[in-house]
1. Could you work out the pair-distance distribution P(r) of region 73-122 from its alpha-carbon pairs, with 5 angstrom bin width and percents rounded to whole numbers?
2. Work out how much length residue 104 to residue 80 would gain on full extension: take 0.36 nm times their residue separation and subtract the Cα-Cα distance, in nm to one decimal.
3. List the residues of region 65-109 whose backbone N lies under 19 Å from a point placed 7 Å from the Cα of residue 27 along the Cα-to-Cβ direction.
4. Of all the accessible heavy-atom surface of region 1-120, with the other protein chains kept in place and a 1.4 Å probe, what percent is carbon and sulfur?
5. What ³J(HN,Hα) values, in whole Hz, does the Karplus curve 6.51 cos²θ - 1.76 cosθ + 1.60 give for region 117-126 when θ = phi - 60°, with x put for Gly and Pro?
6. Compute the Kirkwood hydrodynamic radius of region 49-91, taking the inverse of the mean of 1/r over all pairs of distinct Cα atoms, and give it in Å to one decimal.
7. Taking only protein heavy atoms and a 1.4 Å probe, what accessible area per residue, in Å², does region 44-90 have with all protein chains in place?
8. What percent does the relative contact order of region 24-100 come to when contacts are Cα pairs within less than 8 Å and at least six residues apart?
Amino acid sequence: YVYGWWNKPTWANPLTTIAVDVATDTAGLKTKVSDFVTAYNEFHQFVLDQGASAARGDRSSIGRDPLLRQLKDQIRSSLVGQYATGGAFSALAQVGVGFTRSGTMELNDTMLTESIANGTLDLERLFAGTAGTPGVFAALDTQVDAFTQADGLIPGARKQMTDQASRLTD
């Protein structure tokens, strides 16, 4: 049942063959991985900038806050960890996502392309995990949630500072 240009219903021809191609969007996958690498590098630069600002004596900087260092360390730990998810890959470095000496993340496009060449199931397992076994990004999500949820470390630190300021005011 199809609407014609004159908005009157017409019936589609049931003898017409319609072909639908279902294919993996490898370009989209590469773009998402590249976007993640860029986002991580922006976060890394933010941490460096905050540290430099704190070293210059900027009291508004959070560069000396142990919470920021803990967040950075736990995110990096999730990204360099090993994940036994049952696929051919157990670490991001195996698919071309690694770290430089300066701490930034880099993407080896050739390695990522080779990782995708035989299908994306192993990448999916590495990124998302399998039933009961988290992958890289599932583990990362858990780490970030521990900091940002209502009962997480960041809201807890904020409440502690607010309470302390209130006591000082009293």
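The values are calculated or read from the model by the stated rules, or taken from the named source; none is laboratory data. Just so we're clear, the structure is a prediction, and the values are computed from it rather than from any experiment. Positions of Cβ are backbone-derived with ideal geometry, glycine not excepted, and every protein chain shown enters the neighbour counts. Ligands, DNA and RNA are excluded from the accessible area calculation, which covers all protein heavy atoms including side chains. Shrake-Rupley method; radii C 1.70, N 1.55, O 1.52, S 1.80 Å.
1. 5, 20, 26, 25, 16, 6, 1
2. Gain on stretching residue 104 to residue 80: 7.4 nm.
3. 109
4. Result for region 1-120: 54 percent of the exposed heavy-atom area is carbon or sulfur.
5. Result, rounded to whole Hz: 3, 9, x, 10, 4, 5, 5, 4, 5, 5.
6. 12.3 Å
7. 61 Å²
8. Value for region 24-100: 17 percent.
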